[in-house]
Amino acid sequence: MQTTPGTSLSDAETDGPPSRKRGITQCAAVALVAFLLDQGTKWWAERALVSGRPRAFVGDLLQFRLTYNPGAAFSVGTGYTILLTCIALAVIVIVVSMAGRIRSAWWAVALGLLLGGALGNVTDRLFRPPAPFRGHVVDFLELPNWPVFNVADSAISVAAVLFIGLSLRGVRLDGSRETRRTRSVDGQLTVERSATDDGEPTDGAR
């Protein structure tokens, strides 16, 4: 396989169509699992729980309590249901538009969780009472001193933690790391690239 001067074989493979397809597939798979888990557990909660009545699950640590939330995750912004629905739809569009740039498995997981969580809650907002774009989200998981939440909220929260971790490590969507510029003994400027987050080393360039 031929590559342009100064480009390693691993860089060329990272940017190729197979890696792009893999990133999209991973993101879509994670999103689908998160969405199905969210909707499936909400379906169960509405049939197994009585609204407002707690049911112990893990002692005092975790219990089930069915509630209907007009706000965002963890009952934030209860007076802005329509606005929150529009924001969630915008997030979905942005994540889908970014999917084609994913080469990192960790970014695929993070964006997949965000997409699946956003889809789970926006489905409730669009199709549940009292009206489209104003639907109340099903929440049923409760921790001590914490608002009631659901699986979609959890997926979004984990995605946020991954975003922060990947950003702090300098991992880009394509799996590469931030470049480091150093000067050698002879004064030449050297650009070094760290390994991709999949473990493949990349070459330095002078």
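Between Ala29, Ala56, Ala34, the distinction of being small (Gly, Ala, Ser), at pLDDT 95 or above, loosely packed, with under 15 Cβ neighbours inside 10 Å and out of contact with any His (no Cβ under 6 Å at 6 or more places or on another chain) belongs to Ala29 only.
Scanning the range 120-140 for residues that are surrounded by fewer than 21 Cβ atoms within 10 Å (Cβ to Cβ) and not small (Gly, Ala, Ser) yields a count of 10.
Yes or no: Leu83 assigned to a helix (DSSP H, G or I), more than 20 Å from the chain's Cα centre (by Cα) and assigned by TED's automatic domain parsing to the domain that holds Val30? Give the steps one after another, and end with the answer.
Values: assigned to a helix (DSSP H, G or I): yes; more than 20 Å from the chain's Cα centre (by Cα): yes; assigned by TED's automatic domain parsing to the domain that holds Val30: yes.
So Leu83 fits the description; yes.
Could you tell me whether any residue of the range 136-148 is in a helix (DSSP H, G or I) and either aliphatic (A, V, I, L, M) or assigned by TED's automatic domain parsing to the domain that holds Gly165 (or both)? Before the answer, list the steps.
Step one: filter the range 136-148 for residues in a helix (DSSP H, G or I), giving none.
No: the range 136-148 contains no residue that is in a helix (DSSP H, G or I) and either aliphatic (A, V, I, L, M) or assigned by TED's automatic domain parsing to the domain that holds Gly165 (or both).
Return yes or no: is Arg103 within 24 Å of the chain's Cα centre (by Cα), at pLDDT 90 or above and crowded, with 17+ Cβ neighbours inside 10 Å? If you could, list the steps in order and put the result at the bottom.
Numbers: within 24 Å of the chain's Cα centre (by Cα): yes; at pLDDT 90 or above: yes; crowded, with 17+ Cβ neighbours inside 10 Å: yes.
So Arg103 fits the description; yes.
Give the range 149-175 a look and list any residue that's in a loop (DSSP other than H, G, I, E, B) and either more than 20 Å from Ala34 (Cα to Cα) or of a type in the set (Val, Ile, Thr) (or both), or say none. Result: Arg169, Gly170, Arg172, Leu173, Asp174, Gly175.
Do we find that Asp153 is surrounded by 15 or more Cβ atoms within 10 Å (Cβ to Cβ), assigned by TED's automatic domain parsing to the domain that holds Ala29 and touching a strand residue (DSSP E or B) at 6+ places or on another chain (Cβ under 6 Å) in this structure? Answer is no for this residue. Close Cβ contacts (under 7 Å, 6 or more residues apart or on different chains) running from residues in the range 35-58 that are without any contact (Cβ under 8 Å) to a residue 24 or more places away in the chain to residues that are surrounded by 11 or more Cβ atoms within 10 Å (Cβ to Cβ) and part of a helix (DSSP H, G or I) are absent.
The values are calculated or read from the model by the stated rules, or taken from the named source; none is laboratory data. All figures in this text were calculated on a predicted structure; none of them were measured in a lab. Reconstructed Cβ throughout: ideal geometry from the backbone, glycine too, with neighbour counts over all protein chains shown.
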